[in-house]
Ligand SMILES: [Zn+2]
């Protein structure tokens, strides 16, 4: 993520990070909206900023995580602020159009990184939970309602939280929280058939899949049976069912919940 430092922010924090606060920029959906918003934060006279701005194809960081952005009074000291291109008045269909799909993908990437780095659960907090000091994800609207220090209602009542949080969980390999990462062994190639991939990495994957309850031989030969297991596993986890153990499929064998 490139950094375009915002003009207004506090260096450091007075409270540990506990919240990810989602905003809509109230700014048109263009491929360059994140860059435009960041450029505005860098020079404007109005005292406002955010940690990151996202549009359909990129994210621009404006304030470092360890510093305090000025975006949602009441939720600034312990929050990470994310601005999304678009308007709070948008309908669900408008949030989920082609532009929105790109935007939610970019947003999910940032949020997953924050959840992992700061151990924040992938959970949209209720207002009661927000008030009680729980860790999680919230909106500017809920910060306004709970702390009563602003009247903003972004990102709006039709914002597709279910879709966004689903994408964040997928980014985190199906985990529901940003708790300690499991140790995933390294694999520098794809396992496929035909022709048969052979080696210790195949054995490592087969052993792991056996542990998860799949029926296959731990012989170090990636065969048609392994490709079938792989395809079934990919379907179960919402991955592209290719029968090829690529990086995501490999990782999911260790990180995805066993169902
Ligand atoms: Zn806002």
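Quick note: the coordinates plus some simple rules give every number you see, no bench work behind them. Not measured: the values here are computed from a predicted model. No Cβ is skipped: glycine too gets one built from the backbone with ideal geometry, and neighbour counts run over all protein chains shown.
From the residues in segment 71-92 that are within 12 Å of residue 159 (Cβ to Cβ) and more than 14 Å from the chain's Cα centre (by Cα), which one is nearest to the ligand (Cβ to nearest atom)?
Here the answer is 88.
Just one of 170, 158, 227 is out of contact with any helix residue (DSSP H, G or I) (no Cβ under 7 Å at 6 or more places or on another chain), within 30 Å of residue 100 (Cα to Cα) and touching a residue at least 12 places away in the same chain (Cβ under 8 Å); which is it?
170
Do you know which of the residues in segment 240-254 that are assigned to a loop (DSSP other than H, G, I, E, B) and in contact with a helix residue (DSSP H, G or I) (Cβ under 6 Å, 6 or more places away or on another chain) is farthest from residue 200 (Cα to Cα)?
Step by step, filter segment 240-254, then rank; the result is 241.
Can you name every residue in segment 197-222 that is touching a helix residue (DSSP H, G or I) at 6+ places or on another chain (Cβ under 8 Å) and assigned to a helix (DSSP H, G or I)?
202, 205, 206, 208, 209
If you go through segment 51-70, how many residues are within 12 Å of the ligand (Cβ to nearest atom) and touching a helix residue (DSSP H, G or I) at 6+ places or on another chain (Cβ under 7 Å)?
1
For residues in segment 93-105 being away from the ligand (no atom under 16 Å from the Cβ) and in contact with a helix residue (DSSP H, G or I) (Cβ under 8 Å, 6 or more places away or on another chain), which is nearest to residue 23 (Cα to Cα)?
Only one residue tops the list, namely 104.
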